[in-house]
1. Once amide H atoms are built 1.01 Å from N in the peptide plane, which residues 5 or more positions from Asp405, or in another chain, come under 5 Å H to H?
2. Among 28-34, 176-182, how do they line up from the highest to the lowest mean number of other beta-carbon atoms within 10 Å?
3. Show the residues, 5+ positions off or on another chain, whose built amide H is closer than 5 Å to the amide H of Ala346.
4. Treating the beta-carbon of each Lys and Arg as +1 and of each Asp and Glu as -1, no other charges, what is the dipole magnitude of region 3-191 about its Cα centre, to the nearest 20 debye?
5. Once phi is turned into ³J(HN,Hα) by the Karplus curve 6.51 cos²θ - 1.76 cosθ + 1.60 with θ = phi - 60°, what whole-Hz value does each residue of region 70-75 show in order, with x for glycine and proline?
6. In terms of modelled amide H atoms, which long-range or inter-chain residues lie less than 5 Å from the amide H of Val6?
7. Taking every DSSP beta bridge that has both residues in the chain, what percent is antiparallel when rounded to the nearest 5?
8. Counting only DSSP beta bridges with both residues in region 1-131, what percent are antiparallel, rounded to the nearest 5?
Amino acid sequence: MADIAVIGAGYVGLTTGTCLAHLGHNVTIADIDEIKVQELNEGEVPIFEPGLSELLTEGIKNGNLKFVVGASSASRNAAFHFLCLPTPPNPDGSTNMEYFHSAIEEIKDILPPNSVIVNKSTLPVGTASQLKKQIQRTDVEIVSNPEFLSEGNAVQDFLHPSRIVIGAESQEAATRVVALFSDIDATIQITGTASAELIKHTANAFLAMKLTFINEIATLCELVGANVLDVAEGIGYDPRIGSTYLQPGPGWGGSCFPKDSASLLQTANKAGFDFELLEKAITLNTAHLQRTAQKVIDALPEGKEIEKSKIAVLGLTFKAGTDDLRSSPSLAVIGYLLDLNAHVSAYDPMVNLPIEDMSKIEITSTAYEAANNADALVILTEWEEFADLNYERIHEAMCHPVVVDARNLLNPQDLEQQGFQYIGLGQ
Ligand code: UGA
């Protein structure tokens, strides 16, 4: 079993380190936040990720997992150094490498001989080869091992991955990293570092484009009287297309798709390639988010002005199963409504505090409270519990019983039977 340092106790670092400890490795996770490190050592997990807390407690108890402050404390005695640092976007869409570089500067001279740096963070293509020059250590190898974890399912995705991609310029380093995952049953792909880096961005950009495509088809369905759910089902049976990532929604978001698509576009621009298809997918997504907001405005009773309306929103997180609000489509849609001075009251099972920069949203502790005196109700995140609400009670609470279901979560007939006007997406 290997001695592994994981640098960064964010969502990727925590999942990676905890799961590697579960596989039997001796893992030390480092972070710069002292309080977070202390809490983690006490078994407190700062993010909502099913199964993570249990594995973390198991790791601490059996001695395979510990948390320390500072990258160098973790790296000093490790053979593998997993870099799991935030790579937020710069205003122009390129990747901000500040955290990454400062961690490298901190550890490059204290790495034990024959160490392997493993890049887990989503990094622009070419980073591994630049890093090799930057560290000036001929005895240290750089491997790219992109993560494909999806929030809310991260532990399962780590332990049962669709594939493990290892990008390396040295066969020996690749073999050593492959060995770390020997207890995981998965297809292993070994490539050069540039290809591994590009695989990550391409996967996210491709899925985002697939979503833009189905959202565009949803709009077309509304114009021609077709049902996008039937269309998605019909094309999904074709294994060349596949049935996942075909659920239309208010627009795609989250901490990865918008950032990684913009970063890939920047990479293409830098390389002198005009990646029109990807650029269009991104602008069409923004247009789709606006269109979703317009649907809500159009659903208001005749003569009701938006600035005098109360809109009830169900769902704030970027998707169900997470507490993450980063680049949430829901917040984007709400932003358009707030710009028009609508009053927005919102309920989300995972959010109970005012949202930074969006303090105008009235956060309620139940869906019924949010619906009180509302002129329209819109579902923006697909939390299952929204399907099980007492819609009779919601009907009574609202001023105008109209539901805009931007996730196609509810049964239109049921809602109509209860006296609602139901507006789905692409149906
Ligand atoms: C995404 C990728 O799915 C992971 O493979 C990747 O590792 C991760 O980014 C990352 O780069 O770290 P995640 O950000 O958790 O994972 O989100 P997804 O579950 O992929 O959803 C992204 C957006 O697409 C959400 O807004 C979601 O609501 C939307 N979506 C997804 C749909 O509108 N319809 C669908 O059918 C699927």
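1. Ile379, Ile423, Gly424
2. Going from most to least packed, we get 28-34, 176-182.
3. Here Val313, Glu362, Ile363, Thr364 satisfy the definition.
4. In debye, rounded to 20, region 3-191 gives about 500.
5. Result, rounded to whole Hz: x, 4, 5, 4, 7, 7.
6. Distant-sequence amide H within range of Val6: Thr28, Ile29, Ala30, Phe82.
7. Given both bridge residues lie in the chain, the antiparallel proportion sits at roughly 10 percent.
8. Given both bridge residues lie in region 1-131, the antiparallel proportion sits at roughly 5 percent.
Just so you know, all these numbers are worked out from the coordinates, no wet-lab data involved. Remember, predicted model here, so these are calculated numbers, not experimental data. All Cβ positions, glycine included, derive from the backbone under ideal geometry; neighbour counts span all protein chains shown.
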